[in-house]
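So the structure is just underneath, and the comments pick up after that.
The values are calculated or read from the model by the stated rules, or taken from the named source; none is laboratory data. Only a predicted model underlies this, so the values are computations on that prediction, with no experimental measurement involved. Note: ideal-geometry Cβ built from the backbone for every residue, glycine included; neighbour counts use all protein chains shown. Quick note on the areas: whole protein, heavy atoms, side chains included, nothing else; ligands and nucleic acids left out. Shrake-Rupley method; radii C 1.70, N 1.55, O 1.52, S 1.80 Å.
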Amino acid sequence: MEIFLIRLLQFMLSISLLVLLHEGGHFFFSKLFGVRVEKFYLFFDPWFHLFEWKPKNSDTAYGLGWLPLGGYCKIAGMIDESFDTEQMKQPVQSWEFRAKPAWQRLLIMIGGVLVNFLLALFIYSMVLYTWGEDYVKVSDMTHGMKFNAEAQEYGFQDGDILLSVDSVPLKDFGTDLYRMLSKGRQAVVLRNGEETAIGLPGNINFLNMLKSDPQFVRPLLPAVIDYVDSLSVAARIGMQKGDEILAVNGKRVHSFNEFSYELGVLRDVLSAAETHADSVAAQRVTISFRRPSAHQIYNATTRLGDNMMLGVATTALTDCYKVTHVSYGFFESFPAGIRFGWHVLSGYVSDLKYLFSSDGAKSLGGFGAIGSLFPPVWDWHMFWLMTAFLSIILAFMNILPIPALDGGHVLFLLYEMITGRQPSEKFLVVAEYIGFGLLLLLMIVANMNDILRWLGYM
C-alpha cells in the first residue's frame, strides 16, 4: 500500500505540473494577443468543482476540478471540448479567439505543445547538470550476455559481449540496444577475447524482442544472492545474502538468468498440471547453493508456493560492473539535454508504428501503467526524468492532427491559412465530437489493458 501511495503521489504531482504548464502555454499566448480566457482549470469539473477563484476585475476564473484526467483553458470564441456553441451564435467580439488573425490563433493553439517540449528539454538539461549521467557500458559487462533461442539462431552465444551494430558502438543496455539490433544488418560481439561479426536480417520484431520470455538478450548476472525475503521459501530453507545458487533440481545454473529461466520452466509445468499430484510434484524443487563464508555446499528440497517464487534477488547491474559517470557543467548541460530529449522523442516516434499491430494494442497502458513507471521510493532524480519523458510524450500526442487535440485545431488553421477559407462551425463541432470520442475510446482500451494485466489475463 505504501508503494502504491508513493507512486500515486509522484504521478499526480508530475501530471499536475505538466497540465498546468501546458494550459499555461495557451493562456500566455491568449493574453499576449488580447484573447479572453474564461476558465483556467486543473482537472475537469463536470457538474461541480472543488475550488474556484475569480480575481477582481479579471475575466478568468481559476479552479480545481474533481476529475483528475487533465485540465483545460476555456478560450472565448472557439469550439473546444466544452462544446459551447451558444457563444458562437453571438456577434463576434474583438477579444474572442475567432476575431484574431489565423497566425495568432495558430500560436495560441501550439502554445501548450511548445511549453511541454521546451520544459522537457530544460528538465533533461538540469538533470544532467545536477546528477550527471551514470551508466554501465555494454563493453564493460565482462560476464557477457544471455541470449534466447531466437537470438542463438542468428549466431549469438551465451557469454558474448555486444560491442556494436552496423559499426555504431553500443553505449549502454536499454531500449536503444534492442532497437538497433532489430534494424541492424550486422552485430559485432567479443567472444573468447576475439571480435566476431554476426549477420542480422534488419527486420527483427522489436516488440517480440522485448516481450519474449526470456527476452532476446539480457546482461548475465552472477547467481549470487543479494537479498532474501524474510517470509520467503528461501528464508525457510536457510539461504542467506552472499550465497551462490549452483543448481535447480540437479541442473547446473551459471547465472541468475539461468536460475530465473529454470523457475520459469517449472511455472510452465505447474500451469500444465492436470491433477493435484502433478501440481504438488511441479512445486517440489531441490536447490543447491554454496556459502563461500562457510566453504560449504547445501542441498535443500522444498515446496514452492503457487507463484513459484523462491524469494531472492541478485545484485543490481551497477553493483556487478564498472559504472561510467559523465558530469556536465551548467552551459554544457543545455546542448546535452537537447540531444537527450531529441533522442527520446525520435525513439518514441520510431516505435509508434508498433501501436497498429495486435501486440502493440495490447501493450497500451493507462494511468496504472504510467504510474508504475515511477519508482517505489521517492527519488527526485527518477521523478524529474519521468516528468520530462511524459512532457515530451504529452507534447507529441497533443500535436497529432486529431480533432479535440491541439493538433486538430492546428490542422484546420493551416487549412484556413492555405485556402483562405474557414471550416464551417457545424464541421468543427462534428469533428470535435468525433475526436473526443476517439480519445475516450483510446483511454478506455488503455485502462482496460491495465485491469486485464492486473487480473493476469494479459
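So what does log10 I(q)/I(0) come out to for segment 227-317 at q = 0.12, 0.15, 0.23 Å⁻¹, using the Debye formula with one equal point on every Cα and no solvent?
-0.36, -0.55, -1.25
Under 5 Å between amide H atoms, partner at least 5 residues away or on a different chain: which partners does I402 have, H built in plane at 1.01 Å?
G407, G408
For L67 and A197, what is the calculated FRET efficiency with R₀ set at 56 Å and r taken between the beta-carbons, to the nearest 0.05?
0.50
Name the aspartates and glutamates eligible as straight-distance cross-link partners of K146: C-alpha to C-alpha under 16 Å, and not fewer than 8 places from it in the same chain.
Once the sequence-local aspartates and glutamates are set aside, what remains near K146 is D158, D160, D172, D213, E258, E262.
Taking the 0 to 90 degree range and rounding to the nearest ten, how far is the long axis of helix 256-271 tilted relative to the main principal axis of the chain, both from C-alpha atoms?
Result, in degrees: 80.
Given the peptides 223-230, 400-407, arrange them by the average over their residues of other C-beta atoms within 10 Å, most packed first.
Highest mean packing first, the order is 400-407, 223-230.
Please list, ordered by chain and number, the residues whose modelled amide H lies under 5 Å from the amide H of G144; skip anything fewer than 5 residues away on the same chain.
Amide H neighbours of G144: L220.
Students often get this wrong, so check it: of K183/K251; K171/K251; K171/K211; K54/K426; K100/K426; K137/K251, which have C-alpha atoms separated by over 27 Å?
K183/K251; K171/K251; K54/K426; K137/K251
Under 5 Å between amide hydrogens, which residues at least 5 positions from Y62 or on another chain qualify, with H placed 1.01 Å from N in the peptide plane?
Under 5 Å from the amide H of Y62 lie the amide H atoms of F40, W53, K54, each far enough along the sequence or on another chain.
Under the Karplus relation 6.51 cos²θ - 1.76 cosθ + 1.60, θ = phi - 60°, what is the ordered set of whole-Hz ³J(HN,Hα) values for segment 20-36, x standing for Gly and Pro?
Values per residue, Gly and Pro as x: 4, 6, 4, 5, x, x, 4, 4, 4, 6, 4, 5, 4, 9, x, 9, 6 Hz.
For E332 and N205 in the same chain, what is the full-extension length gain: residue separation times 0.36 nm, less their Cα-Cα distance, in nm?
Difference between extended and current length: 42.0 nm.
Relative to the present Cα-Cα distance, how much length would full extension add between L231 and Y415 at 0.36 nm per residue of separation?
Once the chain is fully extended between L231 and Y415, it gains 59.8 nm.
Got the relative contact order for the chain handy, in percent, Cα pairs under 8 Å and 6 or more residues apart?
With pairs under 8 Å counted, the relative contact order is 18 percent.
For the chain, give the share of DSSP beta bridges that are antiparallel, in percent and rounded to the nearest 5; count only bridges with both residues there.
If I count the DSSP bridges inside the chain, around 90 percent turn out antiparallel.
Kirkwood-based Rg over Rh for segment 178-250 (C-alpha set), two decimals?
Reported Rg/Rh, Kirkwood definition of Rh: 1.16.
HN-Hα J couplings of segment 398-409 from phi, Karplus 6.51/-1.76/1.60, θ = phi - 60°, integer Hz, Gly and Pro as x?
Once rounded to whole Hz, the list reads 6, 8, 4, x, 10, x, 5, 9, 4, x, x, 5.
Taking a temperature of 10 °C and a viscosity of 1.306 mPa s, what whole-number D in µm²/s does Stokes-Einstein yield for the chain with Rh from Kirkwood over alpha carbon pairs?
Translational D for this selection: 61 µm²/s.
I'd like to know how segment 261-362 sits against the 2.2 N^0.38 Å rule of thumb: what's its Cα Rg over that expected value?
1.85
Taking R0 as 41 Å, what's the FRET efficiency between E38 and T302 from their Cβ-Cβ distance, rounded to 0.05?
In this case the efficiency is close to 0.05.
Once phi is turned into ³J(HN,Hα) by the Karplus curve 6.51 cos²θ - 1.76 cosθ + 1.60 with θ = phi - 60°, what whole-Hz value does each residue of segment 419-427 show in order, with x for glycine and proline?
Karplus values, whole Hz, x for Gly and Pro: 8, x, 10, 8, x, 5, 4, 4, 4.
Suppose R0 equals 35 Å. What FRET efficiency, 1/(1 + (r/R0)^6) with r the Cβ-Cβ distance, do A273 and F4 give to the nearest 0.05?
So the FRET efficiency works out to roughly 0.60.
7 Å from Cα along Cα→Cβ at both V430 and Q90: what's the point-to-point distance in nm?
Calculated label separation equals 2.8 nm.
Under 16 Å from the Cα of K89, which aspartates and glutamates turn up, not counting those fewer than eight places away in the same chain?
D80, E425
Run down the lysines and flag those whose C-alpha is under 16 Å from the C-alpha of K241, throwing out any fewer than 8 positions away in its chain.
Those lysines meeting the cut-off do not exist here.
Any idea what the dipole of the chain comes to, in debye rounded to 20, about its Cα centre with Lys/Arg Cβ at +1 and Asp/Glu Cβ at -1?
360 debye
How much accessible area per residue does the chain have, counting only protein heavy atoms and a probe of 1.4 Å, in square angstrom?
54 Å²
Could you tell me which trypsin sites (Lys or Arg not before Pro) in segment 1-102 are loop residues by DSSP with no more than 10 other beta carbons within 10 angstrom of their beta carbon?
Those satisfying the criteria are K56, K89.
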